[in-house]
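Single-structure report; data block below.
The values are calculated or read from the model by the stated rules, or taken from the named source; none is laboratory data. Given the structure is predicted, the values throughout are model-derived calculations rather than measurements. Cβ placement follows ideal geometry from the backbone for every residue including glycine, while neighbour counts extend to all protein chains displayed. With ligands, DNA and RNA removed, areas are computed over all heavy atoms of the protein, side chains included. Shrake-Rupley method; radii C 1.70, N 1.55, O 1.52, S 1.80 Å.
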Amino acid sequence: VQLQACGGGLVQAGGSLRVSCAASGSIFSIAVMGWYRQAPGKQRELVATMSSIGSENYADSVKGRFTISRDYFKNTVYLQMNSLKPEDTAVYYCKLTQPGGMDYWGKGTQVTVSS
């Protein structure tokens, strides 16, 4: 399984960005896909996940601002980020969890929010 993320960049506070992550390889349709982020000097943290049946889970810090979505046919997960804040600056990583618990990580994409 390989994950390819794209869509990061530089945006001013209050702006929006969308990142996407396409998975390829042997993927079970019931895999969980999601986004995590890691800011300099901090631990990687959960941003949002979506199950195979569309159940969403968000970190409190992004609720109401970020929306996760998923294209099951394309094995792609998206993260729409609105009302971005400087504290959202981080490297964003996508993760796929197969049934049984095997995790796959994509290379991160940098999101920088200027004040």
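Structure above, values below:
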read-out	value
Residue in the range 13-31 that is at pLDDT 95 or above and touching a helix residue (DSSP H, G or I) at 6+ places or on another chain (Cβ under 8 Å) present	yes
First in the range 86-114 and within 17 Å of Ser29 (Cβ to Cβ), second anywhere and part of a loop (DSSP other than H, G, I, E, B) and open to solvent by 50 Å² or more (accessible area, probe 1.4 Å), Cβ under 8 Å, 6 or more apart	Leu96/Val1; Gln98/Val1; Gln98/Phe28; Pro99/Phe28; Pro99/Ile30; Tyr104/Val1
Of residues in the range 49-68 being surrounded by 14 or more Cβ atoms within 10 Å (Cβ to Cβ) and of a type in the set (Val, Ile, Thr), the one farthest from Met81 (Cα to Cα)	Thr49
Hits in the range 70-111 - residues which are part of a strand (DSSP E or B) and open to solvent by 50 Å² or more (accessible area, probe 1.4 Å)	Gln80, Asp103, Tyr104, Trp105, Gln110
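Conditions tested, residue by residue: (1) under 13 Å from Tyr92 (Cβ atoms); (2) open to solvent by 30 Å² or more (accessible area, probe 1.4 Å); (3) of a type in the set (Lys, Arg); (4) part of a strand (DSSP E or B).
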site: Gly15; (1), (2), (3), (4): no, no, no, no
site: Arg18; (1), (2), (3), (4): yes, yes, yes, yes
site: Ala22; (1), (2), (3), (4): no, yes, no, yes
site: Phe28; (1), (2), (3), (4): no, yes, no, no
site: Gly34; (1), (2), (3), (4): yes, no, no, yes
site: Gly41; (1), (2), (3), (4): no, yes, no, no
site: Val47; (1), (2), (3), (4): yes, no, no, yes
